[in-house]
Structures are given as C-alpha cells and as structure tokens.
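S.K.: Here's a structure for you.
The values are calculated or read from the model by the stated rules, or taken from the named source; none is laboratory data. Predicted model only: the values in this text are computed from it and were never measured. Note that each Cβ is placed from the backbone with ideal geometry, even for glycine, and that neighbours are counted across all protein chains shown.
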Amino acid sequence: LSHAIQDQQSISIDTHLSLSPEQVRFDHSGLVLKIDPHVNVWKPVIYARPDTDFQILKDRSSQMQMYLSKLDQDSERFLLEKEKLISILSSSDQDTLIQFLIDMLGKGTGLTPLGDDFICGLLLAAHTWNGILIPASQVIKIEQDILELAWKRTTTLSANLITSAAQGSADERIIHCLNWLKDGHGDIAKIIKELRSYGSSSGIETLSGILSFIRSSLETA
C-alpha cells in the first residue's frame with residue numbers, strides 16, 4: 001500500500017472518493033485500494049434505548065454540564081445557539097426547529113464543523129430517549145429532511161456521522177458518555193478526557209448537543 005501511494009500523485013484532503021464494498025478509488029489520482037472479501041469490517045455499536053428515571057438523568061446531565069462548563073474555550077462556543085435550541089424544543093415549534101437545524105448544518109470549519117457535531121449529539125439523544133423524553137418524537141419527525149440536506153450543505157464525513165447518529169450509532173467515546181448518563185457506569189473525568197480526544201472539539205460539541213436535548217426535555221417533562 002505505501003509503495004502504491006508513493007507511485008501516485010499526492011492525495012489532498014478534498015480528493016473525491018468512489019466507495020463500494022469491493023474497493024476505495026481516489027478519483028483524481030486513480031489509486032485503487034482493494035478490500036479483501038474475507039476481512040472483518042468494523043461495525044459501530046448501536047446504543048439501546050434505556051428506561052430512564054427523570055431525576056437520575058437530570059442529576060447526571062447536571063454533573064456532566066458542570067464538568068463541561070470548566071472547559072471555557074469549548075463550552076462557550078455556540079452558547080446562544082444552544083439556548084435557542086432549548087427554547088425551540090420546549091415550545092414544540094417544528095418549523096422553527098427545522099430552520100434552526102438547517103442554519104446549523106455546516107456551521108464552522110474543518111471536516112466536521114461544530115454545528116454538525118452539535119446536530120449529531122441532538123439526533124443521538126433523540127434516538128436514545130425516544131418514547132421517554134418529550135421532544136424526541138419532534139426531532140425524529142424531521143430527521144429525514146435534515147439527513148437529506150446534510151449531504152448538500154456540509155462535508156461528506158459530517159453527513160455520514162449525522163446519518164449514523166440518527167440511527168443511534170457513534171464513536172465508542174460518545175457511546176461511553178451515553179452509557180454513563182443511563183446507568184452511571186464509568187468515571188466521569190475519564191469520559192470527559194475521552195471526549196476531548198475525539199477531534200479538536202467534536203466530542204465536546206456532540207456532548208453539548210446531547211445535554212441541550214436533555215435539558216429542554218426535562219424542562220417540558
């Protein structure tokens with residue numbers, strides 16, 4: 001593989017890929033990576049919906065928010081947007097919610113802009129607590145519209161992560177966080193450390209989306 005890459009033109013971060021179960025093709029350079037049909041393909045964990053006690057969930061999310069508030073640089077980002085989301089979910093204004101999420105898509109820089117990370121957290125939380133927390137069904141109803149727009153308005157990587165989040169799937173560091181919110185298993189400081197290692201700020205911003213959803217839900221409960 002390394003020899004094949006050396007013989008090809010350098011691959012830039014905006015190179016288009018053609019993906020199939022059999023191969024990965026870099027369109028510009030013509031480099032093709034064959035996938036062994038016998039290789040074990042990693043599949044992300046699908047998070048199972050919990051039976052959640054509201055007070056316990058409120059206490060744990062407050063603890064997580066307290067840790068998050070200590071990370072000034074990260075926690076202050078999108079502060080007004082987070083407060084706006086909480087207000088929208090609490091009011092059940094579906095049209096305003098759709099517009100809010102559209103405006104968030106692709107907002108920020110990088111392969112996974114901060115707005116997309118926040119949406120991932122929101123969709124993960126809605127999937128996790130659907131049928132338990134009130135605004136979940138409100139988010140589920142519009143998620144298909146958001147998924148379709150994601151492929152047009154943001155990066156391919158972000159669109160894939162948003163699609164996975166809508167199915168309850170995410171990086172294991174995010175799953176560890178959701179598990180802690182559900183049953184308290186694990187160490188909160190270690191979980192925050194894991195989230196901070198997920199991208200430059202993706203883990204923390206995804207957590208912000210999760211906590212914003214929980215807060216708005218508990219305010220309407």
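S.K.: Can you tell me which residues in segment 168-186 are modelled with pLDDT of 90 or more and either surrounded by fewer than 20 Cβ atoms within 10 Å (Cβ to Cβ) or over 23 Å from Pro135 (Cβ atoms) (or both)?
M.R.: Result: Ser169, Asp171, Glu172, Arg173, Ile175, His176, Trp180.
S.K.: I've got another one for you. Could you grab me the full set of residues in segment 20-44 that are within 16 Å of Asn160 (Cβ to Cβ) and either at pLDDT below 60 or out of contact with any strand residue (DSSP E or B) (no Cβ under 8 Å at 6 or more places or on another chain) (or both)?
M.R.: Result: Ser20, Pro21, Val41, Trp42, Lys43, Pro44.
S.K.: Could I ask something else about it? From the residues in segment 84-116 that are over 23 Å from Gly203 (Cα atoms), touching a helix residue (DSSP H, G or I) at 6+ places or on another chain (Cβ under 7 Å) and hydroxyl-bearing (Ser, Thr, Tyr), which one is surrounded by the most Cβ atoms within 10 Å (Cβ to Cβ)?
M.R.: It comes out as Ser90.
S.K.: How many residues are over 10 Å from the mean Cα position of the chain (by Cα) and closer than 10 Å to Phe213 by Cα if we restrict to segment 106-128?
M.R.: 1
S.K.: Separate question: What's the total number of residues in segment 77-113 that are at pLDDT 85 or above and assigned to a helix (DSSP H, G or I)?
M.R.: Residues flagged as at pLDDT 85 or above and assigned to a helix (DSSP H, G or I) within segment 77-113 amount to 10.
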